[in-house]
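A quick write-up on the structure given underneath.
Any read-out appearing in this document is the output of simple, stated calculations on the displayed coordinates, not a laboratory observation. The structure displayed is predicted, hence computed values, not measured ones. Note: ideal-geometry Cβ built from the backbone for every residue, glycine included; neighbour counts use all protein chains shown.
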Amino acid sequence: MKKSIVKRIGSLLTVLLLTASIFSNGLVAFAADTKHTQSKVLDWSYNFEGSGLKNAYDPLTGGNTNDAFRYKWAQEFYFWNDESGNNCYCVQLGTEHDNNIVMSSSTFDDEGIKKYYKDVDQRKNLKVATIFAYKGKTKYGYNADTERVASQAMIWTVSGGFFDSSSENLSSDENTILNRIYAPSSADHKNLVDCYKKMKGDILNYYKIPAGATTAVRTAPTYELKYNTSTKKYEGTIKADSSISQFDFSKVDGVTFKKDGSNIKVSANENIKAGTKTVTLTKARAKNSGKIEECVPLFYKGKNDSGSQAKVGYMSGKDPVQAYIKLKIDMPTGNADLEKNFIDFFGNEE
């Protein structure tokens, strides 16, 4: 009996440690089932009758089977919130929503999401579109309704297969979808298009890493820091590009990083201990919208295949783009080698 109790306590501690590990890495362990409540955006509508658009991709069928973008119309625009109040966006235009249906969710890093979005680029773009979608606070300089509708338009284009990831310019399909959305005024519609363009720029820029870096450890460049007798510091300048302004550096005792335009100026105290110092660079700012909102994007579908439209949403947590720098101090020669090793978005070294 005593051994059984000890065994159970040990199992419980293991679970707690695993959970703590998940949270310490900035990720949320799981998302609970929830229901989605539907509301209306006043004075906005859409009409896709005669649009000429192709069938949209439907994640639940795994094919281009959704013809709603060729005929569907509504005199009002809808939006949804989960039971925590978080915003959700439709990925199945034409499928009815039911407030009473329980929705189950998965993150975009779950293996199961690949069943719904097999294309890697589409899956990644939808994840990032959810990060930049309206969540209750405006971030592109427009009113809440404009940013909410622009977010839904973006989710439609990415999930439906209309999104052109090759350029920040809008494709014919993207223009058609935006032109089929009717705003309260022509000024509001112009703001809708402008907001969509800024959001698209943020999505396409999200995975960018600075020049002068590599995603592979074996090919990572080494930068030499030289001792400056005037300042009594080891110093060097790394040529990057303007995207470095979007990253924050973690604190490392004795080492200072300063962004100077497209460059990184690095200095280390002369009495710094020999060894390797690891620095984490976290992407904290977007190209157009400023500070990136921390969240973990989710894909929702009706639990047990119950028939309410699939959506994307999010939960609290962190899942940032990160990069890493290694500073190796070589005391005998008075030099330091800066090994800049960037890791891809999913945290895998290539």
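Using modelled amide H (1.01 Å from N, peptide plane; none on Pro or chain starts), what sits under 5 Å from the amide H of G161, excluding residues fewer than 5 places away?
Placed amide hydrogens put Y57 under 5 Å from G161.
Of the cross-linked pairs K114/K200; K190/K283; K200/K303, which ones have a Cα-Cα span greater than 28 Å in the structure shown? All intermediate terms of the calculation are to be shown ahead of the outcome.
Numbers: K114/K200 23 Å; K190/K283 30 Å; K200/K303 31 Å.
Exceeds cut-off: K190/K283; K200/K303.
For K137, list the aspartates and glutamates whose Cα falls under 12 Å from its own Cα; do not include residues on the same chain fewer than 8 positions away.
Reachable aspartates and glutamates: D145, E147, E293.
Straight-line reach only, C-alpha to C-alpha below 16 angstrom: list the aspartates and glutamates that K54 could link to, leaving out same-chain residues fewer than 8 apart.
Cross-link targets: D67, D164, D173, E174.
At a 10 Å Cβ-Cβ cut-off, how would you order K311, K251, fewest neighbours first? Write out the running numbers ahead of the final one.
Details: K311 24, K251 9.
Exposure proxy ranking, most exposed first: K251, K311.
I'd like to know how the range 230-291 sits against the 2.2 N^0.38 Å rule of thumb: what's its Cα Rg over that expected value?
For the range 230-291, the normalised Cα radius of gyration comes out at 1.25.
Tell me the GluC sites (Glu not before Pro) within the range 217-303 that lie in a loop according to DSSP and have at most 16 other beta-carbon atoms within 10 Å. Present the calculation step by step, with values, prior to reporting the outcome.
Numbers: sites: E224, E235, E270, E293, E294; in loops: E270, E293, E294.
Answer in residue order: E270, E293, E294.
Using the structure shown, select from K208/K233; K232/K328; K124/K318 the pairs with a Cα to Cα distance greater than 24 angstrom.
Exceeds cut-off: K208/K233.
Quick one: order R148, R70, R123 by neighbouring beta-carbon count within 10 Å, fewest to most.
Fewest to most other Cβ atoms nearby, the residues stand as R70, R123, R148.
Could you work out Rg/(2.2 N^0.38 Å) for the range 52-128, with Rg from alpha carbons only?
1.21
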